[in-house]
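To start, the structure under review is shown below, and the notes come after it.
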Amino acid sequence: MKKLTTVILLIIFNLSFFNPVQAATASPSAAQELLERVATKVATLAEKLKKGVAGEITVIGTKTISLGNQRVLVSEATTYYRIKSGAKTTIDFKNLLKGDDVAVVGTADSATGDITARQIIAKVQRLPLTGKVTTIDKKTGVYTLAAGEDIKEVEIDSLTIIKKVDAKGVFIKVKLADIIVGDNLIVYGYYNKPNDPLTTIKADIISSN
Amino acid sequence: MGEKFFTAGIGIILGVIIAAGIFFGPRLLAKVNPTQDNPLSPLASPTPAPVSVISLDNRPVVITSLSDGQIVREKTVEVSGKTSPGIAVTLTTSADEQFTKSDNDGNFSGKLKIDEGENTVVAAVTDGRGTLQIDRKQIILEVSE
């Protein structure tokens with residue numbers, strides 16, 4: 001019994017000899033390292049779950065909106081903005097309307113696909129259209145753009161910002177009359193009504209005949 | 001007396017072995033399998049990271065620096081991608097436009113201003129037949145609170 005006690009005591013003595021070294025060096029740094037790894041992982045996961053989606057509000061519920069098939073949940077933490085003519089105002093959930101173009105910043109639920117919104121930004125979406133000018137109706141200001149089989153009508157007027165690349169490779173403002181049949185255009189605009197031509201706010205001439 | 005020394009010797013040896021096992025064991029195991037020591041490491045992921053392959057035959061121009069639905073916080077965004085070598089590339093948003101050329105490897109890049117909310121970034125090139133070929137990415141600039 002005495003021998004066994006001696007052996008156990010000596011084992012404990014040896015362990016205590018090693019442990020202070022471990023405790024003094026490895027443990028705090030290991031714990032710190034683990035904390036950093038957990039923080040990094042949490043940040044990575046949050047980044048992965050972070051999701052943005054944009055589109056037209058098709059359904060407004062009590063605490064949800066739908067952009068087509070995408071359901072968006074709102075919470076007390078959600079902030080709402082409306083941007084009109086470059087001016088941003090803070091709004092409330094009740095100010096959102098069916099048909100509003102919105103961009104949603106939030107986190108996605110990987111199981112349901114729903115997005116919990118952190119920000120909802122209502123702004124008329126500026127759609128890009130590209131193609132070659134095939135016809136110009138100077139009376140109505142309607143230009144026909146062809147991109148393969150796809151034909152689109154866009155309305156370009158004196159209020160549209162029109163730019164073209166100069167010899168130095170810099171975009172400079174040009175006049176409406178500078179757009180000719182055969183030009184490739186990239187235009188940004190919005191639809192007043194679904195079947196109307198795109199109201200163009202900006203047109204970039206990419207190449208000419 | 002000899003018996004006591006013998007017992008003490010055995011105790012010291014056993015103690016050293018056990019203590020060394022406790023102290024060095026995890027380190028040795030970590031060297032054998034590094035991911036076991038670091039369960040949070042990306043290497044531990046069961047699914048390998050996707051490798052993006054760009055086929056210029058099917059897609060004349062591709063924006064690689066942005067993805068659809070990407071949320072950004074800066075009012076200027078870096079746009080880079082791939083196309084044919086040495087050709088003119090136009091980069092546009094509703095707020096900005098830039099003309100650039102691809103390098104010998106077909107890489108291009110530029111910086112564009114964007115607006116708060118939804119933005120569509122377009123990269124356009126003109127093919128040999130004079131037809132515009134584009135790639136576009138829809139991104140969102142978060143409102144700074």
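The values are calculated or read from the model by the stated rules, or taken from the named source; none is laboratory data. Note that this is a predicted model, so its numbers are computed, not measured. Glycine gets a Cβ as well: all are built from the backbone with ideal geometry, and neighbour counts include every protein chain shown.
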Candidates A:92, A:178, filtered to the one that is touching a strand residue (DSSP E or B) at 6+ places or on another chain (Cβ under 7 Å), away from chain B (no Cβ under 14 Å), surrounded by fewer than 12 Cβ atoms within 10 Å (Cβ to Cβ) and not hydroxyl-bearing (Ser, Thr, Tyr) = A:92
Which one of these is more than 10 Å from every other protein chain (Cβ to nearest Cβ), surrounded by fewer than 16 Cβ atoms within 10 Å (Cβ to Cβ) and either touching a helix residue (DSSP H, G or I) at 6+ places or on another chain (Cβ under 9 Å) or closer than 20 Å to residue A:105 by Cβ (or both): B:137, B:75, B:111?
-> B:75
Selection from region A:70-89 of residues that are among the polar types (S, T, N, Q) and either modelled with pLDDT under 95 or buried (at least 17 other Cβ atoms within 10 Å of the Cβ) (or both) | A:70, A:78, A:85
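Just give me the residues in region B:114-133 being in contact (Cβ under 8 Å) with a residue 12 or more places away in the chain, part of a strand (DSSP E or B) and within 25 Å of residue A:183 (Cα to Cα), in sequence order. Reasoning before the result, please.
We begin by selecting, within region B:114-133, every residue in contact (Cβ under 8 Å) with a residue 12 or more places away in the chain; these are B:114-127, B:133.
Next cut, part of a strand (DSSP E or B) only: B:117-126, B:133.
Result: B:119, B:120, B:121, B:122, B:123, B:124, B:125, B:126, B:133.
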Among the numbered criteria (1) within 19 Å of residue A:66 (Cβ to Cβ); (2) in contact with a helix residue (DSSP H, G or I) (Cβ under 8 Å, 6 or more places away or on another chain), which single criterion is violated by residue A:115?
-> (2)
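Return yes or no: is residue A:59 closer than 27 Å to residue A:194 by Cβ, surrounded by 11 or more Cβ atoms within 10 Å (Cβ to Cβ) and within 14 Å of chain B (Cβ to nearest Cβ)?
Values: closer than 27 Å to residue A:194 by Cβ: yes; surrounded by 11 or more Cβ atoms within 10 Å (Cβ to Cβ): yes; within 14 Å of chain B (Cβ to nearest Cβ): no.
No, not satisfied.
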Checking residue A:133 against (1) touching a Leu at 6+ places or on another chain (Cβ under 9 Å); (2) surrounded by 15 or more Cβ atoms within 10 Å (Cβ to Cβ); (3) within 19 Å of residue B:118 (Cβ to Cβ); (4) among the β-branched types (Val, Ile, Thr), which test does it fail?
-> (3)
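With respect to residue A:152, is the statement that it is more than 30 Å from residue B:144 (Cα to Cα), part of a strand (DSSP E or B) and among the charged types (D, E, K, R) true? Don't jump to the end; show me each part of the working.
On the way: more than 30 Å from residue B:144 (Cα to Cα): yes; part of a strand (DSSP E or B): yes; among the charged types (D, E, K, R): yes.
Yes: the conditions hold for residue A:152.
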Scan region B:134-142 and give yes if some residue there is under 20 Å from residue A:184 (Cα atoms) and outside any strand (DSSP E or B), otherwise no.
-> no
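Listed here are the residues, each with its yes/no results for (1) at pLDDT 95 or above; (2) in contact with an Asp or Glu (Cβ under 8 Å, 6 or more places away or on another chain); (3) of a type in the set (A, V, I, L, M, F, W, C).
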site	(1), (2), (3)
A:115	yes, yes, yes
A:119	yes, yes, no
A:125	no, yes, no
A:136	yes, no, yes
A:139	no, no, no
A:149	no, no, no
A:154	yes, no, yes
Could you tell me which numbered condition residue A:110 fails, if it satisfies all but one of (1) in a loop (DSSP other than H, G, I, E, B); (2) modelled with pLDDT under 95; (3) more than 14 Å from chain B (Cβ to nearest Cβ)?
-> (3)
